[in-house]
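This is the structure I want to talk about, given as structure tokens.
Rule-based calculations on the coordinates, nothing more; no lab input. Since we're looking at a predicted model, the values are computed, not measured. Using ideal geometry, Cβ is built from the backbone for each residue, glycine included, and neighbour counts are taken over all protein chains shown.
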2 protein chains.
Amino acid sequence: METLVARIALALVAQGRTLATAESCTGGWVGALLTDLPGSSKWYLGGVIAYSNELKKQFLDVPSDLLETHGAVSAETAQAMVEGIRKKTESDLALSITGIAGPGGGTPDKPVGLVLMGIAAPPPFETVVFEHQFEGSRAEIRKEAALAALQHVLDAATSQPE
Amino acid sequence: METLVARIALALVAQGRTLATAESCTGGWVGALLTDLPGSSKWYLGGVIAYSNELKKQFLDVPSDLLETHGAVSAETAQAMVEGIRKKTESDLALSITGIAGPGGGTPDKPVGLVLMGIAAPPPFETVVFEHQFEGSRAEIRKEAALAALQHVLDAATSQPE
């Protein structure tokens, strides 16, 4: 995790770019990992822990009808969250995470461990949503989700130089 | 930490009350700790990782002139952050944390390890701001801050039954 964060920091500082996050099922853990690194305020603006649907609407402008139609754990919500946080914070890169960490809350269509992650960046980059199906306990799923999220951020930070 | 979170959860669920957080120097770690517990969505709404001053203004309505006059690490900012997050999320209880985790950023007046925490609740409760001076590495200061924050939340949750 620490190595991933250090590599994200190097890439973003070199490019003078910033990052913001919108986390649901990880509850702020990605933000905590990013800010473990001294000097992270140079490139990490912060973000929103959009744990409840109300906060997804309030802080990220996720539309109510989108949440009702597709659910909080959906590619559509992940996309709306990441575009919402990028717009609100005016960050260069943005990350969103929404999923079912369990042990409750799973359904046949959306089992425990399903996690959607969005990555947004300025045009011509188009928002990408990644779907993961993690296994294990709540703690394991959250850890796997945080790790995958950092990897997606690193990929975006290193593949999209200005 | 886990015991503190479990006790917060018990108190809030028993009272049907909710919590929101606004973290700066802990970067989302308190949110991550709160959501480690299954079922935390019953009482934890989420919050804001207000790492940059821009996000303190954008999401928490902390006034620019307050930040300029008193600085981001001040009792005034901690109070504005906690009242901002409670108002925006309509939570019952709210917590804010702003401080200097180091290793850089300290001054004689505001040394590394200085952390201010605000607790807000509905009237007649008045917002309280606690000042801490922690010692140690960045990781130790952040851990001590998260621990103290959870203790303040528990105190507020158990001393203010409706």
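Apply the a/c threshold of 1.5 to the C-alpha gyration tensor of the protein assembly as shown and tell me whether it is rounded, prolate or oblate.
oblate
Shape of segment A:108-151 from its Cα gyration tensor (a ≥ b ≥ c, root eigenvalues): rounded if a/c is under 1.5, otherwise prolate when a/b > b/c, or oblate?
Oblate shape, in that a/c is at least 1.5 and b/c is the bigger or equal ratio.
I've got another one for you. Can you work out which chain A residue has the shortest Cβ-to-axis distance for the rotation that carries A onto B, and give it in Å?
So the closest residue, with its distance, comes out as A:28, 1.
Another question, if that's okay. For segment A:1-123, give the share of DSSP beta bridges that are antiparallel, in percent and rounded to the nearest 5; count only bridges with both residues there.
40 percent
With a cap of 16 neighbouring Cβ atoms within 10 Å, and only residues DSSP puts in a loop, list the trypsin sites (Lys or Arg not before Pro) found in segment B:23-84.
Listed in order of number, the matching sites amount to none.
Rounded to the nearest angstrom and ordered from largest down, what semi-axes does the equivalent ellipsoid of segment B:41-99 get from its C-alpha gyration tensor (root of 5λ)?
Over the Cα atoms of segment B:41-99, the ellipsoid semi-axes are 20, 10, 10 Å.
Could you work out the percent of alpha carbon pairs in segment B:2-159 separated by over 21 Å, rounded to a whole number?
Considering segment B:2-159, 39 percent of its Cα-Cα pairs are separated by more than 21 Å.
Suppose a student asked you for the relative contact order of chain A, using Cα pairs under 8 Å spaced at least 6 residues apart; what percent would you report?
With pairs under 8 Å counted, the relative contact order is 25 percent.
Cα to Cα, under 15 Å, and not fewer than 8 places away if on the same chain: which aspartates and glutamates meet these conditions relative to residue B:88?
Cα-Cα hits under 15 Å: A:54, A:61, B:23, B:61.
Counting DSSP beta bridges in the protein assembly as shown, what percent are antiparallel, to the nearest 5?
55 percent
Got a sec to turn the phi values of segment A:83-91 into Karplus ³J(HN,Hα) couplings, 6.51 cos²θ - 1.76 cosθ + 1.60 with θ = phi - 60°, whole Hz, x for Gly and Pro?
6, x, 5, 5, 5, 5, 9, 6, 6
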